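First the structure, in the form of structure tokens, and then the observations on it.
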Amino acid sequence: MGGPTETFYSVIRRQGMTRRSFHKFCTLTAASLGLSPLAASSIANALETKPRVPVIWLHGLECTCCSESFIRSAHPLIKDALLSMISLDYDDTIMAAAGHQAEAILEETRAKYKGRYVLAVEGNPPLNEGGMFCIDGGKPFVEKLRCMAEEAMAIIAWGTCASWGCVHAAKPNPTGAASIDKVITNKPIIKVPGCPPIAEVMSGLVTFITTFGKLPELDRRGRPSMFYSERIHDKCYRRSHFDAGQFVEEWDDKYARKGYCLYKMGCKGPTTYNACSAIRWNGGVSFPIQSGHGCFGCSEDGFWDNGSFYDRLTTIKQFGIEENADQIGMAAAGVVGLTVAAHAAVTAVKRLTHKSDRAAPKGKLS
Amino acid sequence: MFVNDMLDRARKLIAAVDAEPTERSIGAAIAYAPVRLWHCVNAAAILMLSLSGYVIGTGTPAMSGEASGNFLFGYIRFAHLSAGYVLSIGFLLRIYWALVGNAYAMQIFWVPLWRKCFWREVYHEIRRYAFLTVEPGRRVGHNRLAQLAMFFMFTQTITFMVVTGFALYGQGAGTDSWQYTLFGWVFSIWPNSQDVHTWHHLGLWVIVTFALVHIYAAIRED
């Protein structure tokens, strides 16, 4: 592993990257972080002078889609650079070492970079049965996570698994899969939800931490504000159709071909905080809504338990059969309406019989 | 007339209210007028909110033409949001009036569930609505059953709707808006705002159900 004084710049120069490409990368990164053009030079300066931040990348219960996304970070230079920019000391999916050799690195980093390394966690630990549902290196993953988190500077919770729980935490959650913040409570946790998170969001976040040596501003729920402060809906290019009241009614109708708003098709854009509609995917090629399918809110807590992806209203399971708010509400209003009608009828009958009994005195009451 | 009738009854029986300081009862007619006014504004706002809210939840039929030539959904949402503001401000004024007005103005915010006589009166009202007795209970303000319904179905629901409504509004206004700062904590209870939408939508039906009973009871009393 690289020595503590090795900088990002020296690594990429050694790998044959030109200085020109390096500055291109800095400018792109500054732009993607929404910083001023001048920030590119401070990024360059930081990458040239600051020692690389050691990163330990753990994998719990997950599908590795975060890693898949990360290594596809749009610009080829970003992809190359990021793998060297951070000193990725341990990542069992893509590292060369294996077995005891690999596990030794964990101990080494933990001791050598006490309080200075970043712990990136992809996936989450299952807590039931003492964590036996996810064994990593011969012991429960939750133990490994606790152990490495103890000495970490900060923890990055990659993806919806680590942030909220994701599909393997779906009801009834037999393995007891729990988000990272349920296990680690005494360290700053940066949540980067999404299934997977956008590649540029991941690389942008890592760049921010290495450049400024601090954690980015987080929102109420622990997500970096720079990427998660707006909903898909707020920047959606189909928003004008939403405001105009132009909606797709069926998947293959003419409105779908015209690219109308997918609101009625259950698009979760209005309730999902992510940067898809701004940064898009695969180097800015597209994102779900642009491809004609509604957002299903993969970066939101509990999206896996909220019923169909194609309904606007959440299924409410407490009512036995699966109903949504409208059906329940209409049923309740209907029952009450009938009761009122029946009550009115009885009142009328009562009053009529009453009137015929003693017509004069009671009549003036009404 | 219903109003005059009520005012008349109120005047006659104002003294019969239990355990309220008499110096705060500043004459039923004066005390009652703001509540009537609020009732009108509130009813109109709720009607507008319910209709526009239902349409926002389900979506409109597709408008023809270019998106630039239409703003239907925008207008519907504008109507919903501005009616929401009217309702909220009215509700705040109503709370203020409950504090400075007479004892009846307080009724929908204050339910003495712990008092035995309260439950006796509730029981009486249930018997009355079940046609088991014809004697009306108290005739000033709300009867005890109505008070229960008012508090649990109206006051609580409206408070809930205002809070969740502003929280959802804060999402659109942005995380640096005062709406989000004041009401963003709602998303700590329901992390996925889709759930907040769902509950907000269920709230609509509670209000609709309440309105049905409310209007029926009022007409029946008349």
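No lab work stands behind these numbers, since they all come straight from the coordinates. None of these values were measured; they are calculated from a predicted model. Here Cβ is always computed from backbone atoms with ideal geometry, including for glycine, and neighbour counts include all displayed protein chains.
From other protein chains only, count the Cβ atoms within 10 Å of every residue's Cβ in A:234-245, then give the mean. Spell out each step's value before the answer.
Values: counts 3, 0, 0, 0, 1, 1, 6, 6, 5, 10, 13, 15.
Mean number of neighbouring Cβ atoms from other chains: 5.
With the contact rule set at Cα under 8 Å and sequence spacing of 6 or more, what percent relative contact order holds for the stretch A:178-313?
Working: 181 pairs, mean separation 33.1, N = 136.
Rounded, it is 24 percent for the stretch A:178-313.
Could you tell me which of rounded, prolate or oblate describes the stretch A:1-61, using a ≥ b ≥ c as the square roots of the eigenvalues of the alpha-carbon gyration tensor, with rounded for a/c under 1.5 and, failing that, prolate when a/b is larger than b/c and oblate otherwise? Don't skip to the answer; put the middle values down first.
Numbers: a/c = 1.96, a/b = 1.29, b/c = 1.52.
Oblate is the answer for the stretch A:1-61, as a/c is 1.5 or above yet b/c matches or exceeds a/b.
Computed from backbone phi, the HN-Hα couplings of the stretch A:177-184 come to 4, 9, 5, 4, 5, 7, 9, 9 Hz, rounded to whole numbers (Karplus: 6.51 cos²θ - 1.76 cosθ + 1.60, θ = phi - 60°; Gly and Pro given as x). Here's the list of aspartates and glutamates a cross-link from A:Lys187 could span, going by alpha-carbon distance under 14 Å and ignoring same-chain residues fewer than 8 apart: A:Glu150, A:Glu151.
Computed over the stretch B:103-222, the alpha-carbon pair-distance distribution with 5 angstrom bins reads 2, 10, 16, 17, 14, 12, 10, 8, 6, 3, 1, 0, each value a whole percent. In order along the stretch A:343-352, the phi-based Karplus estimate (6.51 cos²θ - 1.76 cosθ + 1.60, θ = phi - 60°) of 3J(HN,Hα) comes to 4, 4, 4, 4, 4, 4, 4, 4, 5, 4 Hz; Gly and Pro are listed as x.
Label separation (A:Ser225 vs A:Ala344): 5.4 nm, computed from points 7 Å beyond Cα along the C-beta direction.
Given +1 at the Cβ of Lys and Arg, -1 at the Cβ of Asp and Glu and no other charges, the dipole of chain A around its Cα centre is 1400 debye to the nearest 20. Expressed to the nearest 5 percent, the antiparallel share of DSSP beta bridges inside chain A is 35 percent. Phi angles across the stretch A:141-153 convert, under the Karplus curve 6.51 cos²θ - 1.76 cosθ + 1.60 with θ = phi - 60°, into 3J(HN,Hα) values of 4, 4, 5, 4, 4, 4, 4, 6, 5, 3, 9, 6, 6 Hz, Gly and Pro given as x. Inter-chain neighbour count for B:61-71: the average number of beta-carbon atoms from partner chains within 10 Å of each residue's beta-carbon is 5.
Look at the dipole of the protein assembly as shown built from charges on Cβ: of A:Cys166, A:Met330, A:Leu145, the Cα furthest out on the positive end belongs to A:Met330. With Cα atoms defining each centre, the stretch A:269-344 and the stretch B:173-222 are spaced 16 Å apart in the structure.
Of the residues A:Ser229, A:His241, A:Tyr263, the one whose Cα sits farthest towards the positive end of the charge dipole of the stretch A:111-267 is A:Ser229 (charges of +1 on Lys and Arg Cβ, -1 on Asp and Glu Cβ, taken about the Cα centre).
Taking packing as the residue-averaged number of other Cβ atoms within 10 angstrom, the listed peptides A:206-213, B:111-118, B:179-186, A:261-268 run from highest to lowest as A:261-268, A:206-213, B:179-186, B:111-118. Ordering A:144-151, B:91-98 by mean Cβ neighbour count within 10 Å, with the highest value first, yields A:144-151, B:91-98.
To the nearest ten degrees, helix A:99-112 and the longest principal axis of the Cα atoms of chain A are 90 degrees apart.
What is the angle, in °, between the Cα long axis of helix A:199-212 and the longest principal axis of the Cα atoms in chain A? Nearest 10 is fine, range 0 to 90. Rounded to the nearest ten degrees, it is 60.
Counting pairs of alpha carbon atoms under 8 Å apart in space and at least six apart in sequence, what relative contact order in percent does chain A give?
Details: 595 pairs, mean separation 48.8, N = 366.
Answer for chain A is 13 percent.
Near A:Glu323, the amide H atoms lying under 5 Å from its own belong to A:Ile316; only residues 5 or more places off or on other chains count, and H is placed 1.01 Å from N. Computed from Cα positions, the angle between helix A:76-85 and the longest principal axis of chain A comes to roughly 70 degrees. Backbone amide hydrogens, once placed in the peptide plane, bring A:Ile190 within less than 5 Å of A:Ile155, A:Ile156, A:Ala157, excluding anything fewer than 5 places away on its chain.
Neighbouring Cβ atoms from other chains, within 10 Å of the Cβ of residues in A:334-343, number 4 on average. For the stretch A:232-312, the fraction of C-alpha pairs farther apart than 14 angstrom is 58 percent.
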